Amino acid sequence: MIRTQRRALQRSLQTIRLFFRSQARWQAIGWFALLLTFLLTLNGLNVLNSYVGRDFMTAISERQRDRFVFYAGLYLAVFAVSTVMTAFNRYSEERLRLLWRAWLTRLLIDLYLSHDRFYRLKARDEVDNPDERITEDVKSYTQTTLSFFLMSLNALITSLAFLGVLWSITPWLVLVALAYAAAGSVLTILMGRSLVRLNNLQLQKEADLRYHLIQTRETAAAIAVTGAARTVRDCLHDRLNDVVANSKRIITVSRNLGFFTNGYNYLTQLIPLLLVGPMYIRGAVEFGVVTQSAMAFSAFLGAFSLIVTQFETLSSFAAVTNRLDTIAEAIEQARTPGPSAIEILSAEDRVAYQALTLWSRHERRTLIAELSLEVRQGSSLLITGPDAAAETALFLATAGLWEDGNGRIIRPGPEGISFMARQPLTVRCSLRSQLVGTDPRRCVRDDEILAALETVGLGSRVRQLGGLDADLHGPSVLSQSELRLLAFARVLLTAPRFVFLDRMDGDLSREQVGELYRLLKGAAISYLSVGDHHNHDLLAYHDTVLEIQGDGRWLTAPARTYDAFEVIP
C-alpha cells in the first residue's frame, strides 16, 4: 500500500516538473502563484477568526453587550472576506487543473499517435482501453493530484499558522494532536490497504463495460441480423455484475474504514475540551479560549490527518496513477517495433520481396513461406487466394506493421508509396483535412482537391455536404463506398509511385472498380492489389497474379494466362 502510493507520488512529481517546464509553464506559474496567495490569505483569516471567535464567545459569557456587537460585526466581516477568497481560490484551482489536464491529454495523444504506437499497443494485453485512460483517467488524475497537492500545501500552512495559537494555550494540545494523528494514520492504512487494488480493478471493470457498450453500438446491424441480442445482453450483464461485485467489496471496506474515521473525527471535537476545560474551571483562561482551542485544534489536527480523512481519495489517486503509468510506459516501449527479422530497405523504383516468410502472431502458423518476387514501376500485381490472413499479413508487412516473420522487403519511402486499407480512414474533421492533412508544408489548391473529387465521382456529394470545409464524421454522413472513393481521391492528390490496395472491390461496384484502376494507369501510379479470388474481372487490370494457396504455399503467373481463381484444397 505505502509502496504503491509512494510510486504514485513520485510519478506525479515527475509529471508536475514536466508541466512546469512545458510551453504552458508561465500560465501554470501564474495560476499557482494566485493559489498560493489565496491559501496564505485564507489561513491568515482563519487564525484571525479564531481570535475574533474567542473574544466573541467571551463577550457572550460575560454579558458585555457593546463588545458582543463589535465582535459580531467583525465576525461577519471576516466571514465575508473569507467567502470571496474561497471562491477565487476555487476558481484558480479549476483553471490550473484544466490547463494541466489539457497539456497532459495533448501530450499523451501526441505520443500515442506517433511512430504507429497506437497500432502496436493493440497487441499489449496489459493496456486495456487506452482511449479511456487518455480521457477519463487523465481527468481523474489531474483533479485528484492537484487537490491532494493543494491539501498538503494547505496542511503545511495551516499547521504553521495554528502551531503558535495552540502552544500559547498549552503545549499539550500540540503534543496530543501529533500523537493522535500518527496513531490514526497507522490504523487507517492497516484497515484500508486493500482499497488501492480494489479501486484499480473498479476502473478496469467500468472501462470494460463501457467498451462492450460501444462495441454493441458499432456492431448493431450484425447483432440485429444474426439475432444475437440475447447473447450480447448476457455478456453486458456479466460485465455489469463484475462492476457491481467489485463495488460491493469497495463499499464494505469503506464501511469498515468509516467506523474508525467517524469516531476519529468525533473525538477531535472532544479532546481540546478535555484539555482546556479544566483550565477554564480553574480560572486560568477565559471562556472564549475554550472555543478557540477547539477550532485551532481541529484545524491543526486536520493538517496532520490527511491519511485518515482522505484515505479513499488517496487510494483512488494511486489506482488512477497506476493506470496512467502503465499506458505511459507502454507508449514509450511501443515507440520502436519489437524484435523482428523482417528487413525493410528503400528503393524508389520497385516493390520486392526476398525470401520473405510471415507467420501468424499467436498460433505461429506459417502464412507465406520464402516469398520472392518483384513489382517494377509501371507494372501491377494482383494478390489473391483463399487465405485472407496471409494477404492481410503481406499488406501490413509491406507497410512496416507486421513483425512476425523474416526476410527482406524493398519498397519506396513514405512519399513514394501509399496504402489503402480495407477499413477506410474515418476521422472527424473537414473534408479538406481528410484529403490533404494539416501539414503546413504541403499546399494543395482547392481546385486540385475539387478536381480529384470530381474524378472519383464525389463532386456533387461534396457540394451537398457543404463544401471542403464542412466538419464531417465519416461513418455518420458517408457510405462505405463513398469513404473508399474519398480514400482513392487522397491517393490521386498525393500521387505516389506505388499504391497498395486492400480489397478495393469489397465496397465498390464493378464499374467503379474498373474506372479507378484506369485512373491509376492514367496517373502512372503502379499498384499492388489484394482481391477476391472469385472476382475474375480483376485480371484485366493487372500484369501478374500472386496466389497464396495456404500453409505458406504460393505461385505466380501472368494475369493474361491465369484463370485458376479457385479455392485450393
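Tabulated values for the structure
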{"quantity": "Residue within region 159-180 that is assigned to a helix (DSSP H, G or I) and farther than 23 Å from Val276 by Cβ present", "calculated": "no"}
{"quantity": "Any hit, region 274-287, residues being assigned to a helix (DSSP H, G or I), without any contact (Cβ under 8 Å) to a residue 12 or more places away in the chain and not aliphatic (A, V, I, L, M)", "calculated": "yes"}
{"quantity": "Test for Ala72: is it in the same structural domain as Phe162 (by TED's automatic domain parsing) and out of contact with any helix residue (DSSP H, G or I) (no Cβ under 6 Å at 6 or more places or on another chain)", "calculated": "yes"}
{"quantity": "Subset tally (residues that are hydroxyl-bearing (Ser, Thr, Tyr), surrounded by fewer than 15 Cβ atoms within 10 Å (Cβ to Cβ) and over 22 Å from Phe20 (Cα atoms)) for region 62-103", "calculated": "2"}
{"quantity": "Residues of region 10-40 classified as among the β-branched types (Val, Ile, Thr) and surrounded by 17 or more Cβ atoms within 10 Å (Cβ to Cβ), total", "calculated": "1"}
{"quantity": "Complete set of residues in region 121-154 that are over 9 Å from the mean Cα position of the chain (by Cα), among the aliphatic types (A, V, I, L, M) and modelled with pLDDT of 75 or more", "calculated": "Leu146, Leu150, Met151, Leu153"}
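The values are calculated or read from the model by the stated rules, or taken from the named source; none is laboratory data. Remember, predicted model here, so these are calculated numbers, not experimental data. We place every Cβ from the backbone using ideal geometry, glycine too, and count neighbours over all the protein chains shown.
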